[in-house]
Amino acid sequence: MATINDATVSVRRNTAAPTRPVVIIGAGIQGCATAFFLSQRGQSVIVLDKDHVGRHASGVNAGGVRRLGRDINEIPLSLVAMDWWHQINQLLDIEDGFHQQFYVKVALDDAGANLAGSRIQQLEKAGFKHEKWVEPEQLHRRIPHLTKSIIGGVLVEGDGWALPWRITRAFYEQAVKLGAEFRTPVSVQSVDYVGDHWQVTTNVGKLEADNVVNCAGAWGAQIAKMVGDDMPVEAHAPMLVVTDRQPLFLDAVIGVMGGTLSLKQLDNGSMVIGGGMRGVADPDQNKTQLTPVGLSKFVMTAGRVFSHLRDVSILRAWAGIEGYTADNLPFIGRGSQPGIIHGFGFSAHGFQLGPGVGEVLADLVMARQPRVDISPFAPQRFSKLS
Amino acid sequence: MDFPRGDLMFRSVMTKTGKPVEFQFEDEIITAIDGDNVAAALLKADKIQFRTAKKHDVRGPYCMMGVCFECLVEIDGRPNQQACQAIIRDGMQIRRQQAPDLDGEYEG
Amino acid sequence: MTDQHFQVAIIGAGPAGMAAACTTTKAGLHTIVIDDQKDSGGQVYRNLRANHSLSPTYLGDSYYAGTKLSNDFAACGANYWTDCAVWQITSSHEIALVSRGEAKLITADYIIIATGAIERAMPVKGWTLPGVMSVGGAQTLLKQAALGADDAVFVGSGPLLYLTVWQYIKAGLSVRAVLDTTGRSQWLSALPFAPLAFLQPDMLAMGQKWLREIRQKVDVITNVEEVEIAGRSQVEGLSYTTSSGERIDLPAKHVFLHQGVIPNINLSMATGLEHRWDQKAHYWAPVTDATGKSSDEQIYIAGDGSGVGGAKAAAITGQLSASAIVARHGKPRLMAQLYYKLRHLHFLSIRPFLDRLYLPEVQFRIPQNDETIICRCEAVTKADINGALGSGATGPNQLKAFSRAGMGRCQGRTCGLMVQEMIADHTGQSMAAIGYYRIRPPVKPITLAELASLEGAWPQ
């Protein structure tokens, strides 16, 4: 497993200016983080986005920074990313970038407790010890307002939250400082191999590149198709609500075993409540629609965890457009043709992975071996089956 | 600048009839007519400071039609009630609404 | 969850909503009217039915002109839900509402959004102090609670300001001063449209009468500039500059501000309907055809919410939309449609004049002072907005994230146009190109327990 020391990347600027820049498609957190790491390593980068930086899922997700509850295949990458989160302030020259707390999925009933038990066993078998069972007494002591009937939970110390738009923007700003160029709104119409390089045709002209990185999120499948890769994603719109300010009472992020909830309190007292209930996404029109019944479902779950919140007002609700894969694991890896690298389809849990993905994609561009196994994320894993 | 006269408060321009009721605002008992609008009843009692938005930033009713949310008060323990949309009932307990974690700066 | 279905759902029981309901029920359509107030009338005819029995004369003829419509509506037989806020309309025409602590979903074949207008913000220094109220707010207190404040200062422009001052003096209240901020340039741009306004001589005559009677009792000071309201925790006075450049201080406890009204577009925007920037009236309005049909075939917008035209025009547009819906149910009413269209044009004839005369000058649309608050909910100042613009926010939604402007309970209703115009100033783009905040449901704040009530009872 990677340690924080391995994560230190030396700044190495090429003396000979590269002839063709790396073109990154999509200025969400993955695109911005990749641009940052590439620029830090002296690569020339152009980022294109059909809208603007952090416009979709990367700007408006719940902001959970968690290792808790991840697919076993995703844990090594999540741990590498966490190393970066622990030094995010220095990395991005910001303050309070990461609110380190703890993340707990509570068990509302015996079924939840059983799920928790088998989860912890499964992880231990695979050699991971970061998720731990927490007894009810301790849980209620650490989270005073928790509903009394909750019978424990699975907890990860040191997980927490960040403001998504702020982190995405900080990656963008630092990338720009290091020389990356962002062109928005620019939409990609085709990506073609011409002679010995790629030609990216946009609505405002053509670009030449040796490497093209596809970080186009819910629109990633369209870009993949342009380079001959069949990488299906479905667009969905996970919904969130934000409440008015409440006196500070919570310094943890709360989920539910076997249920859909993520609940946190920001510094200003507002609570952000989400958890994956999906609204309707219309990626062609850049529109999302909230479903009232869906909203009520996860808000009810919040009530089962904190019944004292009954009169708290919801001020806004929203949904970002996100790309989901069939197995809910992202596509990270090389395309079928040389020079194409994919990083999309994060299925609504890519925010925490962002810094790790940026490092890995930068490695792939520069033909280095990433320090985590990315084979579970193989871009070809569905096309092989068909 | 002269300080305004103390008597320049909202007053009735028409005799209204109805059942008199008492409600409490902070520590004061105020008489109104059953069914009066909460914001109006407070203004008539010369209570124009309803809430704080942050320190040194006091607010009172502004639009009276439910759009601006400046008249928020706590009614019978429930926060964030729009005084301009609420109705006075006998025995109602009304408190000014403080911005979270703030000591308000009210006068009168 | 009750799942009720109606042929027509009308949101708002002001003149447009009431008139529309009279028309659809007459044609036999199963109609519901949903309103967030406790009685019909909207803002213009607020509390009319209760006042009517007492008939205070100070409210004037223009107010009692709504009597017949209010009575017709009360008798029309539409389902009428009061105290009921709509917080979302979905693309499948589900209407999500909350009433008395409980959320509900209803559906309708056709929806008429008749949510009226709100006052344009007038962000002078000190406008958030207790004691400052909008003129509409002061008028509502008079209509609903028969309350007024002596020696108030009225500041701004527009017909509602003069109507309210007139009502104040007729009610026996003393008015300290009217400070009219209409500039000479507005008179110059409005004058060419004055002949058109004479198509409505009664409206002009009424305005003349108000002015004449006001001037007999109140100082009306015109061409006022640089208004600032002073006070620490409530209004203590205000100051302004006269046309001759003199700086005047006035002690005051109550200051009422007004500079026209704009469509209340939060619901139509949250519903995802198309909107257009109206450059001459300087506001956003939904895109509709002549019958009020929006970019969604099943949704109509009637009344001031589709473009400000006043109470009489609002009622006509309500009838227009309603009769278009009746026609789509196979009951064409061509003559009625034509009649409504002509009446509507007639009532709009005064608008080009009024829109130009009362479009506030820039100094009253954008705060002149760095400390002046723009977003009242989140206490975001002009300096904060400038800071966000300086650090790279290029649109209203980014600016929201940077500064928190527009993130509070009113959901940008108050600060939206100000923020947009500051971006326009900063970037040199047009207002239309910059666009408005992305408005999302819930259009009105809803509590967690209210929302969860769609699922069941809140856990104890």
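The values are calculated or read from the model by the stated rules, or taken from the named source; none is laboratory data. Because the structure is a prediction, the values reported are computed rather than measured. Heads up, the Cβs are rebuilt from the backbone with ideal geometry, glycines too, and the neighbour counts pull from every protein chain shown.
Miscellaneous remarks
- Restricted to segment A:306-320, and to residues there that are more than 7 Å from every other protein chain (Cβ to nearest Cβ) and either under 25 Å from the mean Cα position of the chain (by Cα) or not aromatic (F, W, Y) (or both), the residue that is surrounded by the most Cβ atoms within 10 Å (Cβ to Cβ) is A:A319.
- Residues within segment A:333-386 that are closer than 16 Å to A:M226 by Cβ and without any contact (Cβ under 8 Å) to a residue 40 or more places away in the chain, tallied: 1
- The set of residues from segment C:242-264 being closer than 27 Å to B:R59 by Cβ and more than 12 Å from chain B (Cβ to nearest Cβ) comprises C:Q259, C:G260, C:P263.
- The residues in segment B:54-80 that are facing chain C (nearest Cβ under 7 Å), of a type outside the set (V, I, T) and buried (at least 22 other Cβ atoms within 10 Å of the Cβ) can be counted, and the count is 10.
- If you filter segment B:81-95 down to residues that are in a strand (DSSP E or B) and under 15 Å from B:Q24 (Cα atoms), you find that the one that is nearest to the other protein chains (Cβ to nearest Cβ) is B:I87.
- A:V45 buried (at least 23 other Cβ atoms within 10 Å of the Cβ), within 17 Å of A:V156 (Cβ to Cβ) and not polar (S, T, N, Q): no
- A single entry from C:Q88, C:Q43 fulfils the requirement of being of a type outside the set (D, E, K, R), assigned to a loop (DSSP other than H, G, I, E, B) and modelled with pLDDT of 90 or more: C:Q43.
- Test: residue in segment C:96-111 that is part of a strand (DSSP E or B), within 23 Å of C:L48 (Cα to Cα) and not hydroxyl-bearing (S, T, Y): no
- Any chance C:L105 is buried (at least 24 other Cβ atoms within 10 Å of the Cβ), within 7 Å of another protein chain (Cβ to nearest Cβ) and not small (G, A, S): no
- Of the strands (runs of 3 or more DSSP E) lying entirely inside segment C:233-291, those containing at least 3 residues that are touching a residue at least 24 places away in the same chain (Cβ under 8 Å) and in contact with a Ser or Thr (Cβ under 9 Å, 6 or more places away or on another chain) span C:255-259.
- Pair list, Cβ < 7 Å and 6+ apart or interchain, from segment C:389-404 residues that are at the interface with another protein chain (Cβ under 10 Å from one of its Cβ atoms) to residues that are basic (K, R): C:N397/C:R438
- Within segment A:173-203, being closer than 26 Å to C:I434 by Cα, of a type in the set (D, E, K, R) and outside any strand (DSSP E or B) holds for one residue alone: A:E173.
- Members of segment A:18-65 that are closer than 22 Å to A:R316 by Cβ and within 14 Å of chain C (Cβ to nearest Cβ): A:D51, A:H52, A:V53, A:G54, A:R55, A:H56, A:S58, A:G59, A:V60, A:N61, A:G63
- Selection from segment C:377-413 of residues that are crowded, with 24+ Cβ neighbours inside 10 Å and farther than 30 Å from A:V176 by Cα: C:C377, C:G408, C:C410, C:Q411, C:G412, C:R413
- A:D311 closer than 28 Å to A:G345 by Cβ and in the same structural domain as A:G258 (by TED's automatic domain parsing): no
- Residue satisfying all of: in segment C:94-124; free of Cβ contacts under 8 Å to residues at least 60 places away in the same chain and of a type in the set (D, E, K, R); nearest to C:S323 (Cα to Cα) among these: C:E94
- The residue that is nearest to the other protein chains (Cβ to nearest Cβ), counting only those in segment A:260-305 that are among the small types (G, A, S) and assigned to a loop (DSSP other than H, G, I, E, B), is A:G269.
- The test for being of a type outside the set (F, W, Y) and out of contact with any helix residue (DSSP H, G or I) (no Cβ under 8 Å at 6 or more places or on another chain) does not hold for C:T57.
- Identity of the residue in segment C:431-455, in a loop (DSSP other than H, G, I, E, B) and within 7 Å of another protein chain (Cβ to nearest Cβ), that ends up farthest from the chain's Cα centre (by Cα): C:E455
- Any hit, segment C:362-372, residues being of a type in the set (S, T, N, Q), in a helix (DSSP H, G or I), within 10 Å of another protein chain (Cβ to nearest Cβ) and out of contact with any Cys (no Cβ under 8 Å at 6 or more places or on another chain): no
- The number of residues in segment C:405-430 that are within 12 Å of chain A (Cβ to nearest Cβ) and either farther than 20 Å from A:R245 by Cα or of a type in the set (D, E, K, R) (or both) comes to 1.
- C:S53 passes every criterion in (1) among the small types (G, A, S); (2) without any contact (Cβ under 8 Å) to a residue 12 or more places away in the chain; (3) assigned to a loop (DSSP other than H, G, I, E, B) apart from (3).
- Residues that are touching an Asp or Glu at 6+ places or on another chain (Cβ under 8 Å) and within 14 Å of chain B (Cβ to nearest Cβ) do occur in segment C:73-82.
- In segment A:200-208 there is at least one residue that is among the polar types (S, T, N, Q) and touching a residue at least 24 places away in the same chain (Cβ under 8 Å).
- So C:L238, is it in the same structural domain as C:Q88 (by TED's automatic domain parsing), on the phi < 0 side of the Ramachandran plot and crowded, with 19+ Cβ neighbours inside 10 Å: no
- Annotation: A:A162 fulfils all but one of (1) among the aliphatic types (A, V, I, L, M); (2) farther than 22 Å from A:Q40 by Cβ; (3) in contact with a Phe, Trp or Tyr (Cβ under 6 Å, 6 or more places away or on another chain); the unmet one is (2).
- With respect to the stated conditions, C:A322 fails to be more than 14 Å from chain B (Cβ to nearest Cβ), over 26 Å from the mean Cα position of the chain (by Cα) and modelled with pLDDT of 95 or more.
- Extreme residue, farthest from B:I33 (Cα to Cα), among residues of segment C:117-149 that are assigned to a loop (DSSP other than H, G, I, E, B) and either in contact with a Ser or Thr (Cβ under 7 Å, 6 or more places away or on another chain) or facing chain B (nearest Cβ under 9 Å) (or both): C:P123
- When B:T15, B:T31 are checked against the criterion of being surrounded by fewer than 16 Cβ atoms within 10 Å (Cβ to Cβ) and not in a strand (DSSP E or B), B:T15 stands alone in meeting it.
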